[in-house]
Each structure stands twice: as C-alpha cells, then as structure tokens.
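K.L.:
Next up is a structure, given as structure tokens.
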Amino acid sequence: MRFSIKLLLYLAVMYISTWQNVHAQTINTPVGKLPHPAGPFVVGTKVFYMKDPKRTDTLQHSKWDVIVQAWYPCSARTKGIKMDYAPDKRLVDYFLKNHYYDIDSTILKSFYTLKTNSYKNAAILNQGKFPVLFFSPGFGTTRIFYTSICEALASNGIIVLEIDHLYEGATILPNGKAIDNSMYPDTTNASLSMQCVRDIQFVIDEVERPLSAIGKLFYKNADFNNIGASGHSYGGNLAIEMPIKDKRVKYSINLDGGDFSNIAGMKLTAPTLIVRERPNYTDDELRKKGRDPVKWKADSTKSLLVYFDALNTSEKTSYLVKVNQTGHFSFSDALYLMPSMLTHFLGTYLTPGRNLQLVSNLMLTFIQSATSKEKLNNFGHHFAQDKELTFYKVH
C-alpha cells in the first residue's frame, strides 16, 4: 500500500491543555437534559438569517438562504435569558408531523420548552482572538441536534458557526416554511456539496466584513488564521472538502463521515482528523441484526481502507481515531436527549458524559495542534491513557 501508517495504541487520562479540557462534571447529566458546558467560559449564542445575493433558490424563488447559529465565549458577568433548544418552535412541529427518525413524540414535545446553557444574543468576550470552527450537520438532521458539542467547544474558547445547509437537512426558513433534504431537485452529491461549500465561503466572507450583521459580532475577535471546518456524517465529508476549495480553511474534522465521493480525485491539502464510531456488539446481537459476526468484523477492517485511501492523499500529517463503544449518533445530542437513536441498533455504549468528554477533547486538541507542525505530530500523545481510543497516524 502507498500510505505510511504508524499505529499508535494509547490507553487514557485526559490531557490538560491550555484550552481547558471537558471535565468530568458532564458525566452524570440525566437523560432529557443537556450537559452543562465544562470549559472556563460562559457561552453565548445567536441565530443569523442571511441571504447570499450571488445565488438563487429556484424552489423558493428568492436569493439563497443561509442560516447560521453561532456559539461563542462570553464574559463571566454575562446575564440574560437562555436560548431555547429549538429557537423556532415550528421545527418541532415539523418533527412531530413527520415522525422524525421515529423518535418518541414525548421526547420531541419536550423540545418546545427545553433550554440550552447559552445566553441568547450575548456579547462575545472581548479578550483576544478565538479560533473559528464551522460545523455542518449530518444529512437529514438539523443543527440543534449538535448543541452539546457546540457548547462544549465554545466554553473552551472556540467560535463555532453551525450552518443549516438548505436541502441537506431539516430547517425552517424565516417565512415559516420547512425545508428538508427530500426537496432538492438535483440529488447528485457534487451539486449539493457545491452549495454547502458556498454556504461556508459566504459566511467567511460575511465575518470578514466588519459591518455585516455577523461581522459586527465576530470580526474583532475572530482569528482568521485559525479557521477550521468540521461536521458529522455527510457534514464531516463536507468539512474535509473545505480546505481543498478554500485556502482560508486550515484544517478539517470529520465525525463519522462516509465514502468521500465528494472529494473523488482530489488531494487533501490540510491536516485532517477523522473520528470514527466503533460499536461494541456481542455475536448474538450481530445475529439479531442479521449479520454474520465473522464477516462483520472482516468488513469493519476493510472499511478502514476507504479512510486510509483518503488520508493518504493528504499533504499534511493526519489522524484517524476510533472511539470504542460508540455508534453513528454518538456524535450528537442523541446521547442525552434521544437515546433510542443509539439503542435501536443494539450494542453497548459509553456513558453520555464520557462520550462527549472524549469527542470534545479530540476536537479541541486538534484545533490547538493543527496549525503547528510540532504539535500536530504529537497530537496523539495527549491521549496516552484513554483506553477507549485507537489512533492511526497517517503521513
């Protein structure tokens, strides 16, 4: 094989970095509530409804809508009201009407009143520059389902800009119309991916404009030399594409993304972190799922080659990390709010708090390391005693 892989097997104790790690206080949050973000900063959040004047949405007969929810560090003296988990209640109406992911209606109805831990429309902490991380949801999901990760990152000094890409997932337009992934007329991956890339590029442009709505909040405190892209599932594939398409994006983080068809024939140009699920099934559970245990394990090994093939094209040091006892939705709020999205597939899983702790720390430390060659080479050492993690380093 062409790629050079150093298999680093590490066992765990959390690395205490200058960014502050996500601490154990997240461990015991009860199901049905969001964990309190454990970083040193209070978190603010604001939703921006923008129009890209250079693109037309032919279905809505209007300029292209770009909906962003920002999460960011605030002063410890910040006061005000906490943002609703679902800022637009019409999204919950949509979930209930469409039996969204077959989630129990009682859980979905709780989203009408559930609050985040973040202050609505708060001022950003005006102390220095903060890295900017874009986050793209998984295909068919919605931005609010990643609140726990976004709050954890923001509480550790990251500006997180989470985009509801039109026709990639579920969102509500300002006029009240529900939009989802079933409505996009061109279902080719390349076309949808192109629109999502342009969403992120448009938002970067807007943040760089000090007098734009989003620029007024972030221009002075955004570190434009440390912009990254991240996302879950399809959103993770999109994140990997971003540094290729826009040099302003310096690194990418892919949370359990897929087959990388959107970057076929392209070379990765920036440090990349791929975090993969690693379900823990008994042989009996696999048989209940209609899978032969021996074949399933062999297929799991073969699937790694897809990721190594992608990472092997990278011009920079990159990593694949497998998190034991996780499933595809372990990288979302399903941990705390919708556990059936995990348990439906059987298997045993990490506790929600430990899961969030590991994933958030991986993301935070990679953000800290990605723009430094020396730190990037030592990325895995920070997790030397986390037995749930298996590292693969690809040069």
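The values are calculated or read from the model by the stated rules, or taken from the named source; none is laboratory data. As the structure is a prediction and not an experimental result, all values here were calculated from the model. Glycine gets a Cβ as well: all are built from the backbone with ideal geometry, and neighbour counts include every protein chain shown.
K.L.:
Tell me which residues, restricted to segment 230-289, are touching a residue at least 40 places away in the same chain (Cβ under 8 Å), β-branched (Val, Ile, Thr) and closer than 23 Å to GLN201 by Cα.
P.N.:
ILE240, VAL249, ILE253, ILE263, THR269, THR272, ILE274 - these are the residues of segment 230-289 that are touching a residue at least 40 places away in the same chain (Cβ under 8 Å), β-branched (Val, Ile, Thr) and closer than 23 Å to GLN201 by Cα.
K.L.:
Spot the failing condition for LYS54; the list is (1) within 26 Å of HIS382 (Cβ to Cβ); (2) modelled with pLDDT of 95 or more; (3) exposed (fewer than 15 other Cβ atoms within 10 Å of the Cβ), and only one is missed.
P.N.:
(1)
K.L.:
Between LEU153, LEU133, LEU161, LEU96, which is part of a helix (DSSP H, G or I), modelled with pLDDT of 95 or more and either closer than 19 Å to VAL203 by Cβ or of a type in the set (Phe, Trp, Tyr) (or both)?
P.N.:
Values: LEU133 fails: part of a helix (DSSP H, G or I); LEU161 fails: part of a helix (DSSP H, G or I); LEU96 fails: either closer than 19 Å to VAL203 by Cβ or of a type in the set (Phe, Trp, Tyr) (or both).
Just one listed residue meets the conditions, LEU153.
K.L.:
Could you check, for segment 325-341, whether at least one of its residues is more than 23 Å from ILE158 (Cβ to Cβ), modelled with pLDDT of 90 or more and more than 18 Å from the chain's Cα centre (by Cα)?
P.N.:
Checked against the condition, which is being more than 23 Å from ILE158 (Cβ to Cβ), modelled with pLDDT of 90 or more and more than 18 Å from the chain's Cα centre (by Cα), segment 325-341 yields at least one hit.
K.L.:
Another one. Among the residues of segment 369-395, write down those that are more than 17 Å from ASN355 (Cα to Cα), aliphatic (A, V, I, L, M) and in a strand (DSSP E or B).
P.N.:
VAL394
K.L.:
Among the residues of segment 187-231, write down those that are assigned to a loop (DSSP other than H, G, I, E, B), of a type outside the set (Ser, Thr, Tyr) and touching a Phe, Trp or Tyr at 6+ places or on another chain (Cβ under 9 Å).
P.N.:
As a first pass, look at segment 187-231 and keep what is assigned to a loop (DSSP other than H, G, I, E, B): 187-188, 208-212, 219-221.
Checking the rest, the ones that are also of a type outside the set (Ser, Thr, Tyr) come to 208-211, 220-221.
Within segment 187-231, GLU208, ARG209, PRO210, LEU211, ASN221 qualify.
K.L.:
Still on this structure, please answer the following. Are any residues in segment 93-110 surrounded by 19 or more Cβ atoms within 10 Å (Cβ to Cβ) and in contact with a helix residue (DSSP H, G or I) (Cβ under 6 Å, 6 or more places away or on another chain), and if so, which ones?
P.N.:
PHE95, LEU108
K.L.:
What number goes with the only condition from (1) under 22 Å from LEU34 (Cβ atoms); (2) at pLDDT 95 or above; (3) surrounded by fewer than 23 Cβ atoms within 10 Å (Cβ to Cβ) that LYS79 does not pass?
P.N.:
(2)
K.L.:
Something else: Do we find a residue being buried (at least 21 other Cβ atoms within 10 Å of the Cβ), part of a helix (DSSP H, G or I) and in contact with a Phe, Trp or Tyr (Cβ under 9 Å, 6 or more places away or on another chain) anywhere in segment 308-324?
P.N.:
Scanning segment 308-324, I find at least one residue that is buried (at least 21 other Cβ atoms within 10 Å of the Cβ), part of a helix (DSSP H, G or I) and in contact with a Phe, Trp or Tyr (Cβ under 9 Å, 6 or more places away or on another chain), so the answer is yes.
K.L.:
Identify, by number, the condition in (1) farther than 21 Å from LEU153 by Cα; (2) out of contact with any Asp or Glu (no Cβ under 9 Å at 6 or more places or on another chain); (3) of a type in the set (Ser, Thr, Tyr) that THR272 doesn't meet.
P.N.:
Checking THR272 against (1) farther than 21 Å from LEU153 by Cα; (2) out of contact with any Asp or Glu (no Cβ under 9 Å at 6 or more places or on another chain); (3) of a type in the set (Ser, Thr, Tyr), the one that fails is (1).
K.L.:
Oh, and also: Can you tell me which residues in segment 220-269 are out of contact with any helix residue (DSSP H, G or I) (no Cβ under 7 Å at 6 or more places or on another chain), charged (D, E, K, R) and under 16 Å from GLN195 (Cβ atoms)?
P.N.:
none
K.L.:
Counting just the residues of segment 251-267 that are closer than 14 Å to ILE367 by Cα and hydroxyl-bearing (Ser, Thr, Tyr), which one comes out surrounded by the fewest Cβ atoms within 10 Å (Cβ to Cβ)?
P.N.:
Among them, the one singled out is TYR251.
K.L.:
Collect the residues in segment 236-256 that are in a helix (DSSP H, G or I) and more than 18 Å from TYR146 (Cα to Cα), keeping them in residue-number order. Steps first, answer last, please.
P.N.:
Let us first name the residues in segment 236-256 that are in a helix (DSSP H, G or I), namely 236-245.
Hits for segment 236-256 are ILE240, GLU241, MET242, PRO243, ILE244, LYS245.
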